[in-house]
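Student: Submitted below is the structure of interest, expressed as structure tokens.
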Amino acid sequence: MSSKEQAKKMVESAIEALDRELSGCSDPKLESVPKVQKEVFKKKLQRIYEILNSGLLPEKSQRNLGISHAIADSWPLESKLGEEIAKAERAFIEVDQ
């Protein structure tokens, strides 16, 4: 599987996990994370997915959207959702042209 296909699967999985979180099946550990931030991350991940599907990837230096940094700064360390989102962003950053 190409790095692009792998990244698409990871991003899609992270979007689905965020959907579950936002639809009421929330992790009690994430109560302190504002809903609006989760919604923004979902929109950013959807944009990443669109970019991956388009095939028009920006340079690697332009792909960091800051999601991982925000998670590291303000989400609980043991958050599986935060880890999944951060890994999806990292996969996008590392996709080969």
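Any read-out appearing in this document is the output of simple, stated calculations on the displayed coordinates, not a laboratory observation. These numbers were taken from a predicted model, which means no experiment stands behind them. Virtual Cβ from ideal backbone geometry, glycine too; neighbours counted across all protein chains shown.
Student: Suppose we flag GluC sites (Glu not before Pro) only when DSSP calls them loop and at most 10 other Cβ atoms lie within 10 Å. Which is the longest uninterrupted stretch of the chain? The partial results should precede the final answer.
Tutor: Working: sites that count: Glu31, Glu59, Glu78.
Looking at the chain, 1-30 is the longest stretch - no exposed GluC sites (Glu not before Pro) with at most 10 other Cβ atoms within 10 Å.
Student: Still on this structure, please answer the following. Given Cβ point charges of +1 (Lys, Arg) and -1 (Asp, Glu) and nothing else, what value in debye, to the nearest 20, does the dipole of segment 7-95 about its Cα centre take?
Tutor: Values: 15 positive and 15 negative charges, 43 e Å.
Roughly 200 debye, rounded to the nearest 20.
Student: Taking springs between alpha-carbon atoms closer than 10 angstrom, which of Leu65, Leu22, Leu56 fluctuates most in the Gaussian network model of the chain?
Tutor: Fluctuation is largest for Leu56.
Student: A further question on this structure: Placing +1 on the Cβ of each Lys and Arg and -1 on the Cβ of each Asp and Glu in the chain, which of Leu30, Ala91, Leu52 has its Cα farthest towards the positive end of the resulting dipole?
Tutor: Leu52
Student: Apply the membrane-span-like helix rule to the chain: whole DSSP H runs, Cα extent along the own long axis of at least 30 Å, mean Kyte-Doolittle hydropathy at least 0.0. List the helices found. Spell out each step's value before the answer.
Tutor: On the way: long enough: none.
Flagged H segments: there are none.
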